[in-house]
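Everything below concerns the one structure shown next.
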Amino acid sequence: MKKTFLFVALAIFSLMGKVRADEGMWLPMFVERLNYVDMQKMGLQLTPEELYSINNSSLKDAIVGLSTGATPRGFFCTGEIVSKHGLLFTNHHCGYSDIQKLSTVEHDYLTDGFWAKDFSEELPVGGTSASFLVRMEDVTEQVLSVVNDTMDWAQRNRAIREKAKELEAAASEDGKYNPIISSFFEGNEYYMFVYQVYTDVRLVGTPPSSVGKFGGDTDNWMWPRHTGDFSIFRVYGDADGNPAPYSPDNKPITPKHHLPISLDGIQKDDYTMIWGFPGSTERYMTSYGIDYNVDTFYPIIHEIFKLQTDIMDEFMQKDAAVNIMYADDKAGLANTWKNFEGQMLMLRKNKVAETKAELENQFTEWVDSDKTRTEEYGEVLNTLKENYALVSELSENIYYPNYLAMTGAIGIAGEFAAYVDIDKKDKEAVAAAEEALKAIDVDAFFAETYKPLEDKMLVEMLKLYYNTFNAEANPDFYNLVEKKYKGDVVALANDILENSIFATPESIKAFIEKPNAKKIEKDPAYVVMNIMINHLMSGLAPYRMAMQTIDENNHLFVKGLREFYAETQPEKSLYPDANSSMRMSYGSVQDYQPADAIHYDYICTANGIMEKYVPGDYEFDVPQRLLDLIEARDFGQYADENGELVVCFLSTNDITGGNSGSPIMNSKGELIGLAFDGNWEAMSGDVNFEPKLQRTINVDARYVLFIIDKYAGATNLIEELTIVKSEPATEELTVEN
Ligand code: ARG
């Protein structure tokens with residue numbers, strides 16, 4: 001029977017297609033040498049030239065790094081070009097800050113969404129830029145030519161920075177390009193990336209947060225996920241298509257390449273690749289680094305950020321204006337503390353430090369077996385261990401006071417320290433300092449802040465510090481609270497809120513009119529600021545010193561590790577840690593087993609939106625129009641073969657923060673979704689890739705199009721896109737029973 005044949009054929013195919021979960025964020029310029037054979041085996045149908053070419057248009061030309069300002073450094077997200085008029089898709093959480101800035105209570109695009117009907121309605125965002133990679137090249141030799149053995153670590157880095165600047169300037173072709181040189185393998189290799197940076201980027205469309213951020217922070221970092229995490233922008237340039245500052249005369253650019261969007265959908269084992277700008281991973285971190293993060297660094301930051309988010313949340317839910325004001329800050333803090341919580345749990349659970357310790361033992365054996373190796377690497381692990389121990393000891397005394405010193409009136413008081421410090425006998429200096437005070441933009445300190453929220457933040461941050469600090473390490477703070485406020489830290493907080501010059505814009509302005517250094521010195525916010533800064537400074541020098549030593553020895557360790565691998569496992573290709581440069585990752589659509597007896601499917605559907613729906617809830621409300629469409633099962637051409645609307649799906653691609661918004665593509669280089677998150681069980685993944693557990697969470701392209709088309713009725717956008725659907729695979733699909 002034909003059907004049996006079909007079944008067998010599929011089974012064989014899926015065996016062949018069965019790929020290992022794919023670790024590695026690879027540099028596209030080496031695709032032919034390192035990855036192509038593998039990618040082809042896994043199903044890729046494009047040629048290396050079609051992927052990465054510096055002469056012809058190729059897939060890389062549709063991949064865009066998003067950054068703040070005009071520098072192509074530290075891309076916070078990735079976008080992809082999806083039309084010949086420079087239309088760009090990215091995640092909703094990537095556009096979030098711009099959407100927030102454009103929102104008011106009257107035009108609340110965060111809550112209601114936004115859809116431009118034509119170019120004229122598109123909203124300039126200002127601040128976010130889109131970088132296109134022109135080419136990349138290995139500049140290791142040139143960069144390291146300035147380094148010699150007599151230099152210490154700081155001198156070496158200074159020399160490298162200068163050389164890099166010189167090479168970047170030479171490659172800029174008088175400002176036409178924006179080249180960046182980045183370090184790879186902990187300063188063992190250097191590459192130059194030449195970009196064109198477009199600063200006129202405009203908002204074209206976004207779903208409401210109840211779609212784009214559905215599930216909120218409760219679902220964040222977790223599967224299953226039912227989030228339509230996308231937003232749409234457009235890149236504008238001058239009449240010749242070159243980067244230009246915003247002008248109403250600018251035109252949408254004509255990109256070298258744009259991605260077609262596939263309606264074919266996905267099946268388990270399908271080939272997938274993700275291109276983008278992953279920000280940072282620490283795959284070569286030692287067990288000592290992991291222990292430091294898990295036991296010391298993450299718990300501190302987790303505690304501070306969680307406290308701050310909870311306070312924001314409380315006020316945001318009560319007031320639409322406050323909600324808009326703090327939306328982006330809160331999302332960032334919540335995203336970080338939940339990430340750290342996951343990392344603390346999963347680094348332990350997945351025994352990552354143990355895995356690394358095992359590697360370190362093998363490395364040590366290899367080092368010990370040879371005299372020259374011992375000379376070079378004999379101390380490296382011990383030095384790392386000692387210095388991590390040192391930063392561990394110092395961290396509490398750095399991070400808590402650091403964040404407290406940035407809080408509300410205490411933070412503002414810091415701006416006046418320079419005035420207090422000048423020599424009052426130097427009349428000229430005093431006059432100049434008073435002028436400088438008058439130039440302070442006082443309102444800027446209070447812009448976009450909500451006093452009741454800020455006041456509570458100050459009280460709670462002081463309480464947190466008081467409850468965690470070590471009285472012996474910071475006797476000044478201990479004495480202040482015990483003596484002046486009888487051990488009542490809330491009384492100190494209230495004194496600041498009621499009596500500090502720095503608590504309100506009015507009192508600061510009045511003070512600037514008649515400044516008086518003595519008054520500042522007695523001010524309770526200033527007193528606390530001063531104690532915190534002095535305390536922090538006492539630990540900062542040794543902390544920085546230890547961090548620098550860690551840096552230096554990580555460099556040495558990775559150098560040794562590469563030699564170790566080259567000699568012991570020559571077949572293994574190493575990939576560099578993520579560093580905001582363009583990478584590709586390939587893998588396949590896969591389910592996973594998060595725990596014993598639990599199986600997670602690789603897709604989720606609109607049915608799950610209905611299951612999670614909580615009317616009126618801050619995170620799980622669903623817009624009426626979407627409810628209606630789902631209830632009517634009106635999914636149009638976006639339904640899958642079973643009539644279901646797939647919302648998100650999982651793949652084995654290796655990604656991290658910065659990849660958000662990245663295109664996930666099929667074997668033909670067509671868009672099948674947007675990567676937007678990692679999964680809880682593999683939160684340790686930035687340090688060690690977990691093939692069985694680690695998945696990328698993608699929003700399905702069909703759900704994106706469904707929202708644009710059926711939900712928003714933005715047919716102008718649908719028409720602009722290149723939507724493709726394969727002919728039904730004839731033979732197999734036409735079999736009769
Ligand atoms: N976890 C996602 C990332 O880091 C960000 C998701 C934003 N959503 C949220 N609920 N905060 O890429």
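Every number here is computed from the coordinates shown, using simple stated rules; none is lab data. This is a predicted model, so every value here is computed, not measured. Positions of Cβ are generated from backbone atoms using ideal geometry, with glycine treated the same way; all protein chains shown enter the neighbour counts.
Residue by residue, here is whether (1) in contact with a Pro (Cβ under 6 Å, 6 or more places away or on another chain); (2) within 16 Å of the ligand (Cβ to nearest atom); (3) over 29 Å from residue 590 (Cβ atoms) holds:
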| residue | (1), (2), (3) |
| --- | --- |
| 218 | no, yes, no |
| 223 | no, yes, no |
| 232 | no, no, no |
| 248 | no, no, yes |
| What residue, among those in region 665-701 that are aliphatic (A, V, I, L, M) and under 13 Å from residue 590 (Cβ atoms), is farthest from the ligand (Cβ to nearest atom)? | 693
| said: residue 617 - would you say it is surrounded by fewer than 15 Cβ atoms within 10 Å (Cβ to Cβ) and over 22 Å from residue 88 (Cα atoms)? | reply: yes
| field | Filtered residue count, region 614-637, keeping only those that are of a type in the set (A, V, I, L, M, F, W, C) and under 17 Å from residue 704 (Cα atoms) | value | 6
| Top-ranked residue in region 605-661 [being in contact with a helix residue (DSSP H, G or I) (Cβ under 7 Å, 6 or more places away or on another chain), of a type in the set (A, V, I, L, M, F, W, C) and closer than 19 Å to residue 723 by Cα; ranked as nearest to the ligand (Cβ to nearest atom)] | 647
| Pairs under 6 Å by beta carbon, first residue under 18 Å from residue 713 (Cα atoms) in region 630-643, partner assigned to a loop (DSSP other than H, G, I, E, B), six or more apart or different chains? | 635/645; 639/645
| task | Filter region 124-147 down to the residues that are surrounded by fewer than 20 Cβ atoms within 10 Å (Cβ to Cβ) and within 30 Å of residue 232 (Cβ to Cβ), then identify the one that is nearest to the chain's Cα centre (by Cα). | result | 127
| message | Criterion first (in contact with a Ser or Thr (Cβ under 9 Å, 6 or more places away or on another chain) and either more than 16 Å from the ligand (Cβ to nearest atom) or not in a loop (DSSP other than H, G, I, E, B) (or both)) does residue 214 satisfy it? | response | no
| request: Can you tell me which residue among 195, 190 is farther than 29 Å from residue 88 by Cα and not in a helix (DSSP H, G or I)? | output: 190
| query | Identify, please: which residue in region 484-510 is assigned to a helix (DSSP H, G or I) and more than 41 Å from the chain's Cα centre (by Cα) and is, among those, farthest from residue 447 (Cα to Cα)? | reply | 484
| task | Grab the helices (runs of 4 or more DSSP H) fully contained in region 318-408, keeping just those with 1 or more residues being within 30 Å of residue 524 (Cβ to Cβ) and away from the ligand (no atom under 16 Å from the Cβ). | result | 320-349, 380-404
| request: Considering only region 69-163, give the helices (runs of 4 or more DSSP H) lying wholly within it that have at least 1 residues that are without any contact (Cβ under 8 Å) to a residue 40 or more places away in the chain and within 16 Å of the ligand (Cβ to nearest atom). | output: none
| task | Would you confirm whether any residue within region 261-277 is within 24 Å of the chain's Cα centre (by Cα), assigned to a loop (DSSP other than H, G, I, E, B), closer than 30 Å to residue 361 by Cβ and of a type outside the set (Asp, Glu)? | result | no
| said: Cβ-Cβ under 6 Å, sequence separation 6+ or interchain: first residue in region 573-598 and surrounded by fewer than 16 Cβ atoms within 10 Å (Cβ to Cβ), partner part of a loop (DSSP other than H, G, I, E, B) and acidic (Asp, Glu). Which pairs? | reply: 591/601
